[in-house]
Amino acid sequence: MEPRTLLSAVSWTGGGGDNNWDTPANWNTDSVPGSGDDVTIDIAANVVHSNNVTDSINSLTSTEPLSISGGTLSIATASTISNNLSITGGTLTGTGNLTVGGLVTLSAGTLSGSSALNANGGMLINPGSVAVGGTFFLDGRTVNNAAGQTAT
């Protein structure tokens, strides 16, 4: 028989009080989600991935906004954010397609990986000054803006 690994469901609790992805107390397991975890964020919060670390998860389902301002968040399988996604630094990567129901704001950082970012609520691409780190990179990931939505 071959060994089996069960995926773990990890939920946001906000118990750490700081909205930081990398604060263990913000998760129901009191540890930061890992590569085998299916992550759910459904409690009012504006979760921010800002630490200069790489976090890998299996999937993400979020009804709340997510901001990536530092480090790397890698998502392995198809995932959804039904709210807004803001990338102001850091990297979003992985092999899983990410569908965003709210506005996608791209100001700085990197979108990479072999998958797609599907913006169903429109896109705002607004890189700031290069002198203050406002460079945005698209590295292999497909970006789709839904029909009828505005890309500014």
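Values for this structure:
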read-out	value
Per-region count, segment 6-36, residues without any contact (Cβ under 8 Å) to a residue 40 or more places away in the chain and open to solvent by 50 Å² or more (accessible area, probe 1.4 Å)	12
Qualifying residue in segment 37-58 (condition: part of a strand (DSSP E or B), open to solvent by 60 Å² or more (accessible area, probe 1.4 Å), of a type in the set (Val, Ile, Thr) and closer than 21 Å to Gly89 by Cα)	yes
Filter pass, Thr77 being in a strand (DSSP E or B), hydroxyl-bearing (Ser, Thr, Tyr), free of Cβ contacts under 8 Å to residues at least 24 places away in the same chain and open to solvent by less than 60 Å² (accessible area, probe 1.4 Å)	no
Condition met for Gly109 (surrounded by 18 or more Cβ atoms within 10 Å (Cβ to Cβ), touching a His at 6+ places or on another chain (Cβ under 9 Å) and either at pLDDT below 90 or not in a loop (DSSP other than H, G, I, E, B) (or both))	no
Test for Thr88: is it over 21 Å from Ser8 (Cα atoms), crowded, with 19+ Cβ neighbours inside 10 Å and without any contact (Cβ under 8 Å) to a residue 40 or more places away in the chain	yes
Answer from Leu103, Leu138, Leu117 - the residue that is hydrophobic (A, V, I, L, M, F, W, C) and closer than 23 Å to Asn19 by Cα	Leu103
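Yes/no matrix, rows are residues, columns are (1) of a type in the set (Phe, Trp, Tyr); (2) touching a strand residue (DSSP E or B) at 6+ places or on another chain (Cβ under 9 Å); (3) crowded, with 17+ Cβ neighbours inside 10 Å:
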site: Thr93; (1), (2), (3): no, yes, yes
site: Leu98; (1), (2), (3): no, yes, yes
site: Gly102; (1), (2), (3): no, yes, yes
site: Asp139; (1), (2), (3): no, yes, no
site: Asn144; (1), (2), (3): no, yes, no
site: Ala147; (1), (2), (3): no, no, no
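The values are calculated or read from the model by the stated rules, or taken from the named source; none is laboratory data. Please read all numbers here as calculations on a predicted model, not as lab measurements. Reconstructed Cβ throughout: ideal geometry from the backbone, glycine too, with neighbour counts over all protein chains shown. Note: accessible area is taken over every heavy atom of the protein model, side chains too, but ligands, DNA and RNA are not part of it. Shrake-Rupley method; radii C 1.70, N 1.55, O 1.52, S 1.80 Å.
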